[in-house]
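Remarks on the structure that follows.
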Amino acid sequence: MADREPPLVQAVDVCKWFELGNRRIDVLKGIDFSLYAGDMVGIVGRSGSGKSTLLHLLGTLDAPSRGQILYDGHRLDHLGDRELSAFRNRFVGFVFQFHHLLPEMTAYENVLMPALIARASTRPAHERARDLLQRVGLGDRLDHHPGELSGGEQQRVALARALVMQPKVVLADEPTGNLDGRTAEEMHVLIEELNRETGTAFVVVSHNQELARRMRRVVRMLDGRFVDESEAVSVAPVDDHPGEEATA
């Protein structure tokens, strides 16, 4: 079998803890994880298991307390805040449970925002923003503000925004947590299709078992650790009540 290309993202013995008074709260306890080009990975587990904390570390929004995370084989802990922010804007797209769209901007302007931040507001970037909104079914809503869109439409705008810089990785944290069943199913299908079409790797944190079943690879988190991947698709059901994680 041919050797596989190196991972886009690799976590090696990653731990994360927080100090609370005289106590140390261990949230992640020795995580090893590899994400490859085109991957579609689901991370499931109960609230407080560490899923969102791990996603924040993978997205460079926070740093491990111990261990290291490599991106295309390189460490980033030598970068300053501005350089790290620029890397994040190019390499990673984010989709959160709460879409975080700017209410004063149109759908089109929200999608274009990462390119504006990177000062890459070129004609191709403008065309990508329009094309992505067309692709997610909002080609006729470019000039609508978030308040004029449904929850599902707003989340589609957030997904288009995550992809506009053509990142290698999209990290999605409970992307269907606030959507009704039918709209969530449409979002599941759209994520699958965009993964195939763009080759962008997706890591999706979710309580939703149906979304997890659509992933090519699923791992379950329990008390800050991964359950072995071979067990992950047949473990006991996770908490079915979506919501913010208390410690993660």
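The values are calculated or read from the model by the stated rules, or taken from the named source; none is laboratory data. This is a predicted model, so every value here is computed, not measured. When we count neighbours, we look across all protein chains shown, and the Cβ atoms used for this are built from the backbone with ideal geometry, even at glycine.
Filter segment 26-50 down to the residues that are touching a Gly at 6+ places or on another chain (Cβ under 6 Å) and closer than 16 Å to L8 by Cα and list them by number.
Passing the criteria: only G38.
Among the residues of segment 10-55, write down those that are in contact with a Phe, Trp or Tyr (Cβ under 6 Å, 6 or more places away or on another chain), within 20 Å of V219 (Cα to Cα) and either crowded, with 21+ Cβ neighbours inside 10 Å or among the aliphatic types (A, V, I, L, M) (or both). Walk me through how you get there before you give the answer.
In the first step, residues of segment 10-55 are kept if they are in contact with a Phe, Trp or Tyr (Cβ under 6 Å, 6 or more places away or on another chain); the result is 11, 24-26, 40.
Next, from what is left, pick out any that are within 20 Å of V219 (Cα to Cα): 11, 26, 40.
Those that are in contact with a Phe, Trp or Tyr (Cβ under 6 Å, 6 or more places away or on another chain), within 20 Å of V219 (Cα to Cα) and either crowded, with 21+ Cβ neighbours inside 10 Å or among the aliphatic types (A, V, I, L, M) (or both): A11, M40.
Being at pLDDT below 90 and among the β-branched types (V, I, T) is the filter; apply it to segment 137-187 and report the residue that is farthest from M40 (Cα to Cα).
In this case the residue turns out to be T183.
Filter segment 152-190 for residues that are assigned to a helix (DSSP H, G or I) and in contact (Cβ under 8 Å) with a residue 60 or more places away in the chain; which is surrounded by the most Cβ atoms within 10 Å (Cβ to Cβ)? Don't jump to the end; show me each part of the working.
First, the residues of segment 152-190 that are assigned to a helix (DSSP H, G or I): 152-163, 181-190.
Adding the requirement that they be in contact (Cβ under 8 Å) with a residue 60 or more places away in the chain leaves 155, 158-159, 161-163.
Working: Q155: 29, A158: 24, L159: 23, R161: 26, A162: 25, L163: 23.
Across segment 152-190, the extreme among qualifying residues is Q155.
Output the residue which, of all residues in segment 88-108 that are surrounded by fewer than 17 Cβ atoms within 10 Å (Cβ to Cβ) and without any contact (Cβ under 8 Å) to a residue 60 or more places away in the chain, is farthest from M187 (Cα to Cα).
Step by step, filter segment 88-108, then rank; the result is E104.
Does segment 206-231 hold any residues that are within 22 Å of Q97 (Cβ to Cβ), in contact with a strand residue (DSSP E or B) (Cβ under 6 Å, 6 or more places away or on another chain) and at pLDDT below 80, and which are they?
Scanning segment 206-231 gives a single hit, A212.
Among the residues of segment 1-43, which ones are polar (S, T, N, Q) and either within 29 Å of E193 (Cβ to Cβ) or at pLDDT 90 or above (or both)?
At the first step, the residues of segment 1-43 found to be polar (S, T, N, Q) are 10, 22, 34.
Those that are polar (S, T, N, Q) and either within 29 Å of E193 (Cβ to Cβ) or at pLDDT 90 or above (or both): Q10, S34.
For D32, work out the one condition from (1) within 28 Å of Q209 (Cα to Cα); (2) over 18 Å from the mean Cα position of the chain (by Cα) it doesn't fulfil.
Going through (1) within 28 Å of Q209 (Cα to Cα); (2) over 18 Å from the mean Cα position of the chain (by Cα) one by one, D32 breaks only (2).
From R24, R119, R66, grab the single residue that is on the phi > 0 side of the Ramachandran plot and over 20 Å from the mean Cα position of the chain (by Cα). Break it down into steps so the answer makes sense when it comes.
Values: R24 fails: on the phi > 0 side of the Ramachandran plot; R66 fails: on the phi > 0 side of the Ramachandran plot.
It is R119.
Which of (1) surrounded by 16 or more Cβ atoms within 10 Å (Cβ to Cβ); (2) without any contact (Cβ under 8 Å) to a residue 60 or more places away in the chain; (3) out of contact with any Ser or Thr (no Cβ under 7 Å at 6 or more places or on another chain) is the odd one out, the single condition E148 does not satisfy?
Evaluating E148 over (1) surrounded by 16 or more Cβ atoms within 10 Å (Cβ to Cβ); (2) without any contact (Cβ under 8 Å) to a residue 60 or more places away in the chain; (3) out of contact with any Ser or Thr (no Cβ under 7 Å at 6 or more places or on another chain) leaves (1) as the failure.
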